[in-house]
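Visitor: Can you read through this structure? Questions will come right after.
The values are calculated or read from the model by the stated rules, or taken from the named source; none is laboratory data. Values in this document were obtained by computation on a predicted structure and should not be read as measured data. So basically every Cβ, Gly included, is an ideal-geometry build from the backbone, and we count neighbours across all protein chains shown.
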Amino acid sequence: MAEFSSSGITDLPSVTVDTILRGDPRVLGFVKEAEQEGDRINADDPSYEKIERAQRYVVGDQRQRIDKSVPSYLPKVILNESRKVVQAHVSALTDLKPLFKFVSENPAFQFHADLVNKRIVAWWVTQMVDVALGETIKYAIVGGTGDMGVEWDPSAGLGGENVCIPRDPRDTLPLRPSNQRDPQLWQGLTLRDGLPVNALRAKYPAYEHLFSKGSSDSTLSRLRGRFRSIVTALQRPVGDTLSGLTDPVKAGPRFSAGSVVLRRTYLADLTKNLTANPIDMGK
C-alpha cells in the first residue's frame, strides 16, 4: 500500500516516509530543474534584460554608451533627474502609516483589540517596515515590478519576529504559473537569495555543520550581477540632480566570496499521508 497519495505536480517523484526523512536526490533534481525553468520564464519577458540597465541609469551610471568620437575636452556632465523622481515617488508613497485597526464586536474583547493595534504600530516602527516598503517601491519604479516577502525570522530579537524583505524580482522564480497574477495559484516558486555563512548558520542551526566559510557556490559568481544594492545607492545623502558631475554612483555587488546562494522552493503539494503515523509539518 502506498504511503502517500499523488502530489498533483507533474514530474515530481513520489516519496515515502524514508525518503522524506533522509532526503531524495530525485526531488533535489526536480527542484534544480524548476529553478532553471523559472529563470527561462523570467528571461522571456521583454523587459527582463532592461532591468539591470535601468537600475544603473537611475543610480547615476548613465554613461553606458559614450561615443568615442566625441572630443575628450567636451564636458560630460550628467544631470540625474531620474533619481530625483524616484525619491519623490517613494517619499509620497511611504509618508503615511497604514490606516487600519482591529475592532471587536464584543466589548469584552476590545481591550485585546487595542493591544493588537499597539503591537502592530510597534512592529511597524521597530522593524522599519516603511523603509522596506520604500525599497520595494524603488524596485517597482525602476524595474517594473518589486517583490517583498513577509517572513517569520526565528533568529530576530526577542525570540523571533516577522520581517519584511525587499527582493529583486529576477530572483523570484515561478514554477508553472497560471494565467493568474496570484502566486498562490501557481504550482510553486523558488526564492533565491545570497546570504553570508553566519546568517545561514543562525537561520538553520540544525544544519550548521553544512555551512563553512570555505564553501563556494558557482551560481553566486554567475548571478553576482543580479544581487545589486541599488536601493542602498538611492539612499545615499548625495541625491540631487548634480550628483553625477564626478564619478557616477555604481550599484556594486552586495555579497562577498564568502556568501552562498540560498534557494527555497515552495510547492503546491497535494500529497496526503496515508499511513497511521502523523508527520509534523516542516520536517
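Visitor: Just give me the residues in region 11-20 being free of Cβ contacts under 8 Å to residues at least 40 places away in the same chain and either crowded, with 16+ Cβ neighbours inside 10 Å or closer than 17 Å to Val31 by Cα (or both), in sequence order.
Guide: Once the filter is applied, which keeps residues that are free of Cβ contacts under 8 Å to residues at least 40 places away in the same chain and either crowded, with 16+ Cβ neighbours inside 10 Å or closer than 17 Å to Val31 by Cα (or both), region 11-20 yields Asp11, Pro13, Ser14, Thr19.
Visitor: Could you say which residue among Gly214, Gly188, Gly157 is on the phi > 0 side of the Ramachandran plot and either out of contact with any Phe, Trp or Tyr (no Cβ under 9 Å at 6 or more places or on another chain) or at pLDDT 85 or above (or both)?
Guide: One residue alone meets the criteria, Gly188.
Visitor: While we're here: Based on what the data block shows, is Gly239 in a loop (DSSP other than H, G, I, E, B) and at pLDDT 55 or above?
Guide: So Gly239 does not fit the description; no.
Visitor: Name the helices (runs of 4 or more DSSP H) wholly inside region 1-114 in which the number of residues that are among the aliphatic types (A, V, I, L, M) and modelled with pLDDT of 85 or more is 1 or more.
Guide: Output list reads 25-43, 48-58, 81-93.
Visitor: Would you point out the residue of region 123-152, among those that are polar (S, T, N, Q) and over 11 Å from Ile165 (Cα atoms), that is surrounded by the fewest Cβ atoms within 10 Å (Cβ to Cβ)?
Guide: Thr126
Visitor: Please note which strands (runs of 3 or more DSSP E) are completely contained in region 133-185 and include at least 1 residues that are among the aromatic types (Phe, Trp, Tyr) and more than 11 Å from the chain's Cα centre (by Cα).
Guide: 147-153
Visitor: Among (1) touching a residue at least 12 places away in the same chain (Cβ under 8 Å); (2) under 24 Å from Gln55 (Cβ atoms), where does Ala140 come up short?
Guide: (1)
Visitor: Scan region 153-175 residue by residue and report those that are surrounded by 14 or more Cβ atoms within 10 Å (Cβ to Cβ) and out of contact with any strand residue (DSSP E or B) (no Cβ under 8 Å at 6 or more places or on another chain).
Guide: Across region 153-175, the qualifying residues are Ser155, Arg170.
Visitor: What about Val85, is it closer than 30 Å to Ala43 by Cβ and in contact (Cβ under 8 Å) with a residue 60 or more places away in the chain?
Guide: Taking the combined requirement at face value, the residue does not satisfy it.
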